[in-house]
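J.: So that we are looking at the same thing, I have put the structure below in C-alpha coordinates.
The values are calculated or read from the model by the stated rules, or taken from the named source; none is laboratory data. Values in this document were obtained by computation on a predicted structure and should not be read as measured data. Cβ atoms come from the backbone with ideal geometry, glycine included; neighbour counts cover every protein chain shown. For the accessible areas, the whole protein counts, side chains as well, though only heavy atoms, and no ligand, DNA or RNA atoms are used. Shrake-Rupley method; radii C 1.70, N 1.55, O 1.52, S 1.80 Å.
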Amino acid sequence: MASILKTLSEVDKKVVLYVVEQKQTTSSAIRHNLKIPRTSLARLLERLEGKKIVELERHGKMKKVRLADWLKKK
(Lines give C-alpha, C1' and ligand atoms only; values in the text may rest on other atoms or scores of the structure.)
Protein backbone atom coordinates (compact mmCIF):
# COMPACT_ATOMS: atom_id res chain seq x y z
CA MET A 1 0.00 0.00 0.00
CA ALA A 2 2.83 2.41 0.86
CA SER A 3 4.34 2.06 -2.61
CA ILE A 4 0.99 2.88 -4.22
CA LEU A 5 0.47 5.93 -2.01
CA LYS A 6 3.85 7.31 -3.12
CA THR A 7 2.57 7.54 -6.71
CA LEU A 8 -0.56 9.53 -5.82
CA SER A 9 -1.15 13.25 -5.38
CA GLU A 10 -1.89 14.61 -1.90
CA VAL A 11 -5.66 14.77 -2.52
CA ASP A 12 -5.69 11.25 -3.97
CA LYS A 13 -3.83 10.00 -0.87
CA LYS A 14 -6.35 11.65 1.46
CA VAL A 15 -9.24 9.97 -0.35
CA VAL A 16 -7.59 6.53 -0.43
CA LEU A 17 -6.65 6.72 3.26
CA TYR A 18 -10.21 7.80 4.12
CA VAL A 19 -11.63 4.82 2.19
CA VAL A 20 -9.17 2.46 3.92
CA GLU A 21 -10.19 3.84 7.30
CA GLN A 22 -13.94 3.58 6.60
CA LYS A 23 -13.83 0.17 4.78
CA GLN A 24 -16.78 1.26 2.60
CA THR A 25 -18.20 4.74 2.21
CA THR A 26 -20.05 6.94 -0.25
CA SER A 27 -18.79 9.70 -2.48
CA SER A 28 -21.04 12.10 -0.57
CA ALA A 29 -19.42 11.20 2.77
CA ILE A 30 -15.96 11.67 1.26
CA ARG A 31 -16.95 15.03 -0.19
CA HIS A 32 -18.36 16.35 3.07
CA ASN A 33 -15.62 15.03 5.36
CA LEU A 34 -12.65 15.97 3.16
CA LYS A 35 -14.18 19.21 1.78
CA ILE A 36 -13.63 18.31 -1.89
CA PRO A 37 -15.89 19.87 -4.57
CA ARG A 38 -18.34 17.42 -6.16
CA THR A 39 -16.99 17.57 -9.72
CA SER A 40 -13.38 17.33 -8.59
CA LEU A 41 -14.20 14.29 -6.47
CA ALA A 42 -16.09 12.63 -9.32
CA ARG A 43 -13.04 12.98 -11.59
CA LEU A 44 -10.70 11.86 -8.82
CA LEU A 45 -12.75 8.72 -8.07
CA GLU A 46 -12.96 7.81 -11.75
CA ARG A 47 -9.18 8.21 -12.01
CA LEU A 48 -8.62 5.98 -8.95
CA GLU A 49 -11.09 3.43 -10.34
CA GLY A 50 -9.17 3.42 -13.64
CA LYS A 51 -5.97 2.71 -11.71
CA LYS A 52 -7.79 -0.19 -9.97
CA ILE A 53 -7.25 1.34 -6.51
CA VAL A 54 -10.92 1.77 -5.60
CA GLU A 55 -14.13 0.17 -6.79
CA LEU A 56 -17.25 2.24 -7.39
CA GLU A 57 -20.72 0.77 -7.10
CA ARG A 58 -23.42 3.03 -8.48
CA HIS A 59 -26.92 3.07 -6.98
CA GLY A 60 -28.83 5.72 -8.89
CA LYS A 61 -27.05 8.98 -8.12
CA MET A 62 -25.23 7.54 -5.10
CA LYS A 63 -21.79 5.98 -5.46
CA LYS A 64 -20.48 3.50 -2.92
CA VAL A 65 -16.69 3.52 -2.72
CA ARG A 66 -14.46 0.75 -1.39
CA LEU A 67 -10.86 -0.31 -1.70
CA ALA A 68 -10.17 -2.68 -4.61
CA ASP A 69 -10.15 -6.35 -3.59
CA TRP A 70 -6.53 -6.94 -4.62
CA LEU A 71 -5.38 -4.21 -2.21
CA LYS A 72 -7.32 -5.63 0.74
CA LYS A 73 -5.30 -8.84 0.63
CA LYS A 74 -1.99 -7.05 1.16
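J.: May I ask you to list pairs of residues, at least six apart or on different chains, whose Cβ atoms are under 8 Å apart, with the first in segment 32-45 being within 13 Å of Val16 (Cα to Cα) and the second being in a helix (DSSP H, G or I) and among the charged types (D, E, K, R)?
T.: These pairs meet every condition: Leu34/Lys14; Leu41/Arg31; Leu44/Asp12.
J.: Also, quick follow-up: Quick test for you: out of Val20, Val54, pick the one residue that is closer than 18 Å to Ile4 by Cβ and open to solvent by 50 Å² or more (accessible area, probe 1.4 Å).
T.: Val20
J.: I'd like the full set of residues that are touching a strand residue (DSSP E or B) at 6+ places or on another chain (Cβ under 7 Å) and farther than 15 Å from Val15 by Cα, limited to segment 32-74.
T.: Answer for segment 32-74, where residues must be touching a strand residue (DSSP E or B) at 6+ places or on another chain (Cβ under 7 Å) and farther than 15 Å from Val15 by Cα: Glu57, Met62.
J.: Just the residues that are open to solvent by 30 Å² or more (accessible area, probe 1.4 Å) and assigned to a helix (DSSP H, G or I), please, taken from segment 30-48.
T.: Result: Arg31, His32, Asn33, Leu34, Arg38, Thr39, Ser40, Ala42, Arg43, Glu46, Arg47.
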